[in-house]
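Below: one structure, written as structure tokens.
The values are calculated or read from the model by the stated rules, or taken from the named source; none is laboratory data. Only a predicted model underlies this, so the values are computations on that prediction, with no experimental measurement involved. Cβ placement follows ideal geometry from the backbone for every residue including glycine, while neighbour counts extend to all protein chains displayed. Quick note on the areas: whole protein, heavy atoms, side chains included, nothing else; ligands and nucleic acids left out. Shrake-Rupley method; radii C 1.70, N 1.55, O 1.52, S 1.80 Å.
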Amino acid sequence: MKVGDLVKPKDKYSHNEAGIGVILKVEENFFKAYNDSFVDRLIIYWAHGETTGEPASYIDLCEA
């Protein structure tokens, strides 16, 4: 995933009814996963107006 990609959460969040956002920043290897691998953190601006930092493993790309 890269800056500018449209994304959606793998699971619906209660505060994210629109479910669509755009990646503003990718912070590589930010989170350490349970198996000692690393996961990127995505800074996402959501359609409902909130900006959050989410593990890349919780996010899917929107299909065109």
message: I want to confirm something. Restricting to region 31-50 and keeping residues that are aliphatic (A, V, I, L, M) and out of contact with any helix residue (DSSP H, G or I) (no Cβ under 9 Å at 6 or more places or on another chain), which single residue is surrounded by the most Cβ atoms within 10 Å (Cβ to Cβ)?
response: ILE44
- prompt: Taking interchain pairs and intrachain pairs at least six residues apart, which have beta carbon atoms under 6 angstrom, with the first residue in region 1-30 and within 12 Å of CYS62 (Cβ to Cβ) and surrounded by 14 or more Cβ atoms within 10 Å (Cβ to Cβ) and the second of a type in the set (Ser, Thr, Tyr) and at pLDDT 95 or above?
  reply: GLY21/TYR45; VAL22/TYR45
- line: Per the list (1) assigned to a strand (DSSP E or B); (2) farther than 14 Å from ASP5 by Cβ; (3) of a type outside the set (D, E, K, R), residue check on ASN35 breaks on (1)
- prompt: Can you name every residue in region 55-64 that is assigned to a strand (DSSP E or B) and either open to solvent by 30 Å² or more (accessible area, probe 1.4 Å) or more than 16 Å from VAL3 (Cα to Cα) (or both)?
  reply: ASP60, LEU61
